[in-house]
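Values in this text are rule-based calculations from the coordinates and carry no lab data. As the structure is a computational prediction, the values presented were derived from the model and not from experiment. All Cβ positions, glycine included, derive from the backbone under ideal geometry; neighbour counts span all protein chains shown.
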Amino acid sequence: MPTDLTSFIPLAYLIASVCFILTLLLLSSPKHARLGNLLGSVGMLVAVVATLVHRDIITYKWIVPGLIVGSMIGASMAAWIPMTKMPERIALSHCFGGLAAALVGVAEYIHHGSEIHRFTMGALGLEVFLGFLTFTGSLMAYGKLQGIISGAPLTYKGQNYSNIAMFFAALVLLVLLVRDPSQGALFYAMGGLGLALGVLFVLPIGGADMPVVISLLNSYAGLAASATGFALGNYVLIIAGALDGTSGFLLSLKMSKAMNRSFSNVLFGAFGTGDANPATAAAGAANATYNQATVEDAVQVLEASQQVIIVPGYGMAVSQAQHAVRDLAQALEAKGATVKYAIHPVAGRMPGHMNVLLAEANVPYDQLFDLDEINDEFPRTDAVLVVGANDVVNPAAKTNPQSPIFGMPVFNVEAARAVIVLKRSFNTGFSGIENELFGKPNTMMVLGDAKQTIKELFAGVKG
Amino acid sequence: MSAELVFGLYIFVLAGFLGNLVISKVPPLLHTPLMAGTNAISGISLVGSLVAAGGGYGQVSTWLGFVAVTCATINAVGGFMITDRMLKMFKKRGPGSAEPKPGKH
């Protein structure tokens, strides 16, 4: 009764769509989030099983190996990838998502050829363009995160103009294709433009801007899936893609806002390059007065503190110091201190990066606080421990209109009685901006690997 | 404009609005699981890949479909698994650590 089964397929897709929406709804609290995720996977299973009985599918010869290989790769990546590598894994998954959408588009085009309906052609064009753009863009983002490609912004003259020109060229090709779908060369040229734009669009964006880029690629991957849905007339694809697309877009807006930079500035600004900033040069001269301190000094300050706030940054992820940080915090709590964590929205390389790392180290989430929740607490705080964070504690964002990060919301750490900054060296951070916090009289700089230093602090506090 | 297109756009726009409402309620704490989760959800492009790989489309399309099935399955299976692995780690302060343990003085 294959026909009877087939009539249930739209219903299965509806169930899947509802499950996906519930997944996102239940993510509003960590209490129910796991249930939501489970529902999402059930929805996926229902949709896939329903599709497998579809009468359009005449052979399982290539489907079964694909499902098996994909499940094996997906499951082993999910099980073994360390939490510190989460941004890389997310970038890779956008890459797979984009590629899958693009290849389906190409396969459909080859299959239907010049017979294709104009409307389907438009959707296929968008799908292939966005899919390939997401594919190479995410590969570049992965390369930057992994350190295969320099994390520094790579720029050349007229870059933005050539990117915009390529984008419009793709648009023109799309219009031509909709007019005459039989022009195969135009179709592949558009895919090629997508591949090239993905590379050129991510290369000029610096590592510290990765949270915005990853979110944006998330959005593109979703839109590519939605376009697939339009091309195939499949509503669950349209819905899932729209949800993914809005989620990525909202996150990238939030991230840009947390850096006080417009969307276009992140995308076309190529942070930290170009004209030498006069403010940076001037501040550079004043860096001789850093207050270098030893681990013993820091232990003394911490032991005398009633309230300690820990500000983690990308440096904590790099040195994998989250477990050591947790040990130190517990030792301080055992001595009667209150310990809180201050999490900046753009700390790390992706939205929520620090939260996941601290959760991995068993830090209870009611100890983690947002910028708005904790910024008033610094004047009442005895010691702030900055672990590998830089721009998010730079007072220049509030005081120096010349600074490239001026206007970005930052933690008022300098209002605390003492600030202990753990840093690898006196070098400027990723963005190359001097941090005047390091020269303040109540700041102590402890140089060295964050994890090692925290272990020494822990031994000092405990012993 | 075909009715199919208009209906598709209806669904797209409404799903976008719904997504906006729902996702703005997700706390920053869970932004990484949100990203991993939406990624898993967009693994639904597997549904399209299945038809390309098994629809008897000819050799090239079938091969492209096979690669697409593999890629989409990686996201669909791996995405939900890794989201669960992350969500499992988020805990509230347990009864054991609610009070600071008696310190050595």
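Numbers below:
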{"quantity": "Contact order normalised by residue count of the range A:342-463, Cα under 8 Å, 6+ apart, percent", "calculated": "21"}
{"quantity": "Estimated FRET transfer efficiency when R0 is 41 angstrom, pair A:Gln320-A:Val172 (beta carbons, to 0.05)", "calculated": "0.25"}
{"quantity": "Summed side-chain charge close to A:Tyr109 - residues other than A:Tyr109 whose Cβ falls under 12 Å, Lys, Arg +1, Asp, Glu -1", "calculated": "-3"}
{"quantity": "Anisotropy class of the range A:83-274 from Cα gyration tensor, a/c 1.5 cut", "calculated": "prolate"}
{"quantity": "Zero-based 5 Å bins, Cα pair distances in the range B:45-88, whole percents", "calculated": "6, 26, 22, 15, 11, 9, 6, 3, 1"}
{"quantity": "Protection proxy ranking, peptides B:14-21, B:79-86, A:165-172, A:37-44, average beta carbon neighbours within 10 Å, highest first", "calculated": "B:79-86, A:37-44, B:14-21, A:165-172"}
{"quantity": "Separation of alpha-carbon centers, the range A:333-392 and the range A:75-128, rounded to whole Å", "calculated": "36"}
{"quantity": "A:Val318, A:Val301 arranged by Cβ crowding within 10 Å, fewest neighbours leading", "calculated": "A:Val318, A:Val301"}
{"quantity": "Volume in Å³ per residue [convex hull over Cα atoms, computed for chain B]", "calculated": "151"}
{"quantity": "Nearest-0.05 FRET efficiency for A:Ile58 and B:Glu4, computed from C-beta distance (R0 30 Å)", "calculated": "0.80"}
{"quantity": "Sorted by Cβ neighbour density within 10 Å, fewest at the top, the residues A:Leu174, A:Leu357", "calculated": "A:Leu174, A:Leu357"}
{"quantity": "Relative contact order for chain B, counting Cα pairs under 8 Å that sit 6 or more residues apart, in percent", "calculated": "25"}
{"quantity": "The protein assembly as shown - mean residue ellipticity at 222 nm from DSSP helices (-39,500 (n - 2.57) per run, n ≥ 4, rounded to 500)", "calculated": "-20000 deg cm²/dmol"}
{"quantity": "Footprinting exposure proxy for A:Ile310, A:Ile57 (fewest neighbouring C-beta atoms within 10 Å first)", "calculated": "A:Ile57, A:Ile310"}
{"quantity": "Crossing angle, helix A:9-26 versus chain A [Cα axis fit, 0-90 degrees, rounded to tens]", "calculated": "10"}
{"quantity": "Distance between the range A:1-72 and the range A:203-223 - C-alpha centres, whole angstrom", "calculated": "27"}
{"quantity": "Mean Cα-pair separation over length for the range A:1-80, i.e. relative contact order, pairs under 8 Å, 6 or more apart, %", "calculated": "34"}
{"quantity": "Against the rule of thumb 2.2 N^0.38 Å, how large the Cα Rg of the range A:52-91 comes out", "calculated": "1.66"}
{"quantity": "Residue-averaged beta-carbon neighbours from other chains (10 angstrom radius) around A:77-89", "calculated": "3"}
{"quantity": "Partner chain coverage, peptide A:115-121 - average Cβ within 10 angstrom", "calculated": "2"}
{"quantity": "Efficiency of FRET from Cβ geometry, A:Tyr161 and A:Gln306, R₀ 51 Å, rounded to 0.05", "calculated": "0.35"}
{"quantity": "Projected-area mean, the protein assembly as shown, by convex hull of Cα positions, square nanometres", "calculated": "26.1"}
{"quantity": "Protection proxy ranking of A:109-118, B:45-54 - average other beta-carbon atoms within 10 Å, highest first", "calculated": "B:45-54, A:109-118"}
{"quantity": "Rounded tilt (10° steps) of A:450-462 against the dominant C-alpha axis of chain A", "calculated": "50"}
{"quantity": "Calculated on alpha-carbon atoms, Rg and Dmax of the range A:1-80 in Å", "calculated": "15.2, 44"}
{"quantity": "Measure of compaction for the range A:288-462 (Cα Rg per 2.2 N^0.38 Å)", "calculated": "0.93"}
{"quantity": "Average beta carbon contacts from partner chains per residue of A:206-218, 10 Å cutoff", "calculated": "1"}
{"quantity": "Cα-based reach from A:Lys440 at 27 Å (exclusive), listing lysines while leaving out same-chain residues under 8 positions away", "calculated": "A:Lys340, A:Lys398, A:Lys423, A:Lys451, A:Lys455"}
{"quantity": "0 to 90° range, to nearest 10: angle between helix A:118-146 axis and chain A longest Cα axis", "calculated": "30"}
